[in-house]
Amino acid sequence: MTKKIAVINDLSGFGRCSLTAAIPVIASMGVQPCPLPTAVLSAQTGYPSYYCDDYTDRMEFIYREWEKMEARFDGIYTGFLSGEHQIKAVMEFLDIFYNRDTFLLVDPVMGDNGERFPIFTSRMEAEMKALTSHADIITPNLTELCLLTGTDYRRVKGITEERHLITAVEQMARILMSDGTGAVVVTGLRTINDETGQEMMGNLAVTKRDVSFSVRPFIGESYSGTGDLFASVVAGGIAREDALADTIELAGELIEKAIGDSVRDGVPRNDGVDYEKYLWMLTEKNRMKN
């Protein structure tokens, strides 16, 4: 029977992010995505103008119908939540559908580049920390990791030596793990290659057993939706029981190729990356070949 992941995230018409990224990625990995929209937007919030229809009041109508169906999920994956009120809805969802046979992946979307997104409050941080304490795995960027651990971003943003950055990030990740989080994968870590001086971009996975760092050349652009693509590949990999380190490598390879094409073709950052042509990399058949 096909495995299923409940994907709790927004639906943006433009921006190649959130549900429009998660659905094709997870489906390509042989897993059924079951979307629960948190909001419907004309375009993701990086655009100068957009329309947003908050779905908080309608989320319960959807998952109560799933409850009547006696739906069962192999995984639950949360992304963009518009505030603490939606975290409450997610907690109610978990009360119904989260059990020992279900994994919970939380992508704690709260900020970037050292800044909390303007729409979020300190109360949101506290509620997000409570949600991540229930998670089997979370996928924060460095800013979000700092927000969750109460760390001053300025203390770590200038660390470019790989060994020192890994040490600092691991220490923060283990703070969260001591509070209940199962594993932490920190995305978008920038380092400098000691031999070539080239800027690199890496993802650090910290589990109870080990630490692994997957690094690739930084191409020079930051695009909408790459974090969603990454978290979606991780969710699909967990569902089909792939090794976490292999899944992170796969996600990094796909995103690297998509960013490279997008930079070459001059795709605006708000539009997201041209990932669609590389979905074949995620299929079970091609994974086994590699």
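The values are calculated or read from the model by the stated rules, or taken from the named source; none is laboratory data. Small disclaimer: the values here were computed from a predicted structure and weren't measured. Because the Cβ atoms are built from the backbone with ideal geometry, glycine has one as well, and the counts that use them run over all protein chains shown. Each accessible area value is taken on the protein alone, full model and side chains, heavy atoms only, with ligands, DNA and RNA left out. Shrake-Rupley method; radii C 1.70, N 1.55, O 1.52, S 1.80 Å.
General observations
- Matching strands (runs of 3 or more DSSP E) fully within region 3-55 where at least 2 residues are closer than 20 Å to Phe97 by Cβ: 4-12, 32-41
- Selection of region 176-234 for residues being part of a loop (DSSP other than H, G, I, E, B), among the hydrophobic types (A, V, I, L, M, F, W, C) and more than 21 Å from Phe80 (Cα to Cα) yields Phe218, Ile219.
- Any hit, region 108-116, residues being in contact (Cβ under 8 Å) with a residue 40 or more places away in the chain, open to solvent by 70 Å² or more (accessible area, probe 1.4 Å) and more than 14 Å from the chain's Cα centre (by Cα): no
- Residue in region 157-175 that is outside any helix (DSSP H, G or I) and open to solvent by less than 40 Å² (accessible area, probe 1.4 Å) present: no
- Close contacts from region 118-138, counting a first residue that is closer than 16 Å to Tyr77 by Cα and a second that is surrounded by fewer than 21 Cβ atoms within 10 Å (Cβ to Cβ) and among the polar types (S, T, N, Q), with Cβ to Cβ under 9 Å and a gap of 6+ residues or different chains, come to Lys129/Thr149; Asp136/Thr102; Ile137/Thr207.
- Filter result for Pro217 (touching a helix residue (DSSP H, G or I) at 6+ places or on another chain (Cβ under 8 Å) and either farther than 21 Å from Leu145 by Cα or at pLDDT 95 or above (or both)): yes
- Residue in region 223-241 that is of a type in the set (A, V, I, L, M, F, W, C), in contact (Cβ under 8 Å) with a residue 24 or more places away in the chain, within 13 Å of Ile26 (Cα to Cα) and open to solvent by 50 Å² or more (accessible area, probe 1.4 Å) present: yes
- The C-beta contact set for region 41-52 (first residue open to solvent by 60 Å² or more (accessible area, probe 1.4 Å), second residue modelled with pLDDT of 95 or more and assigned to a loop (DSSP other than H, G, I, E, B), distance under 7 angstrom, 6+ apart or interchain) comprises Tyr50/Ser42; Tyr50/Ala43; Tyr51/Ser42.
- Verdict on Tyr275 being at pLDDT below 95, open to solvent by less than 20 Å² (accessible area, probe 1.4 Å) and either basic (Lys, Arg) or within 22 Å of Thr45 (Cα to Cα) (or both): no
- Met91 being touching a strand residue (DSSP E or B) at 6+ places or on another chain (Cβ under 7 Å), free of Cβ contacts under 8 Å to residues at least 60 places away in the same chain and under 23 Å from His134 (Cβ atoms): no
Listed here are the residues, each with its yes/no results for (1) modelled with pLDDT under 95; (2) open to solvent by less than 80 Å² (accessible area, probe 1.4 Å); (3) assigned to a helix (DSSP H, G or I); (4) within 19 Å of Ala22 (Cα to Cα).
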| site | (1), (2), (3), (4) |
| --- | --- |
| Arg64 | no, no, yes, no |
| Phe80 | yes, yes, no, yes |
| His85 | yes, no, yes, no |
| Leu94 | no, yes, yes, no |
| Arg100 | yes, no, no, no |
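- Residue match in region 189-201 (condition: within 16 Å of Leu105 (Cβ to Cβ) and surrounded by 22 or more Cβ atoms within 10 Å (Cβ to Cβ)): no
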